[in-house]
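Here is the structure we will look at, set down as structure tokens.
Computed from the coordinates by the stated procedures, all read-outs in this text should not be read as laboratory data. In this text the structure is predicted, and so the values were computed from the model without any measurement. Note that each Cβ is placed from the backbone with ideal geometry, even for glycine, and that neighbours are counted across all protein chains shown.
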């Protein structure tokens, strides 16, 4: 197993550095393009959620750990901000005409669609979001 | 990777073409810039806007929100938005969020202009 970790301030300015971290992981692991895209998009959305909502009143930190097995990625995003369970958010209605479309909930919807497991846990004031992506290597 | 959002416009054959010059469209503040930019174009009378995403390799839901917001305004003003040169992984984002059912996509700028261009 290979492990990658980063800790940074949970603020909008950190988004590029987290995105570059994810890109380095993708390159280091030589992930298939579609797997790399699932990882980068799901983490971009998850991190954006934390930096936007976890710490509304004071600065805070977030930690991202990615563990890589031959055909599985497990990414754990942790923060000590407000409790928020993204897995309980409703799926947006995507079939209504543009004038009735809501703009919320799309990021979480994308995470659900891009991952094989998407779980949330809160223990002792710590939010943990787990994202798992699996794939099969070509024989 | 640049954190500055740059969008360049060009008018051709009666169509306003918007080029996204930033490969990673991931930041909410960049999305706000795009939303304002598209609103300004619509307010100034652009009736057909073609968004060229040829340089974009990463796009998140905050930009999908911009495209929905612009689409609502376009509908009010009887204007139209189109997309071209969208990489398959970016097209997936449009499909998953249901925007593929709302907007028309073209393989490239030439095929888009041949269909929607003309004064």
Rounded tilt (10° steps) of B:61-77 against the dominant C-alpha axis of chain B: 20
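Nearest 0.05, what FRET efficiency do residue B:43 and residue A:95 give at R0 = 22 Å with Cβ-Cβ as r?
Values: r = 29 Å, r/R0 = 1.33.
Efficiency computed from Cβ-Cβ geometry: 0.15.
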Order these by the 10 Å Cβ neighbour count, fewest first: A:1, A:62. A:1, A:62
Roughly what would the spin-label model give for residue A:11 and residue A:58, points 7 Å off Cα along C-beta, in nm? 1.5
Which of B:57, B:66 has the fewest Cβ neighbours within 10 Å, and the rest in rising order: B:57, B:66
For B:87-95, mean number of other protein chain Cβ atoms within 10 Å: 3
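What percent does the relative contact order of chain A come to when contacts are Cα pairs within less than 8 Å and at least six residues apart? Intermediate values should be presented prior to the final figure.
Numbers: 221 pairs, mean separation 38.1, N = 139.
In percent, rounded to a whole number, it is 27.
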Residues A:135, B:24 in order from fewest to most other beta-carbon atoms within 10 Å are A:135, B:24
Which percent, to the nearest 5, of DSSP beta bridges fully inside the protein assembly as shown are antiparallel? 75
Between 0 and 90 degrees, rounded to the nearest ten: what's the tilt of helix B:28-43 against the longest Cα principal axis of chain B? 10
Note on chain B, DSSP bridge orientation, antiparallel percent to nearest 5 equals 30
Whether the stretch B:1-54 is rounded, prolate or oblate, judged on the alpha carbon gyration tensor where a/c under 1.5 counts as rounded: oblate
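Nearest 0.05, what FRET efficiency do residue A:87 and residue B:77 give at R0 = 41 Å with Cβ-Cβ as r? Write out the running numbers ahead of the final one.
Working: r = 38 Å, r/R0 = 0.94.
Computed FRET efficiency for residue A:87 and residue B:77: 0.60.
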Compute the label zone of residue B:6 within the stretch B:24-50: residues whose backbone N is under 14 Å from the point 7 Å along Cα-to-Cβ. B:24
Determine the shape class of chain B: with a ≥ b ≥ c the square roots of the Cα gyration tensor eigenvalues, call it rounded for a/c under 1.5, and otherwise prolate if a/b is greater than b/c, oblate otherwise. rounded
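Return the calculated 222 nm mean residue ellipticity for chain A, to the nearest 500 deg cm²/dmol, obtained by summing -39500 (n - 2.57) across DSSP H runs with n ≥ 4 and dividing by the residue count. Before the final figure, lay out the partial values.
Values: 3 runs with 45 residues, N = 139.
It comes out at -10500 deg cm²/dmol, rounded to the nearest 500.
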Applying the gyration tensor rule to the Cα atoms of chain A (axes a ≥ b ≥ c; rounded if a/c under 1.5, else prolate if a/b exceeds b/c, else oblate), the class is oblate
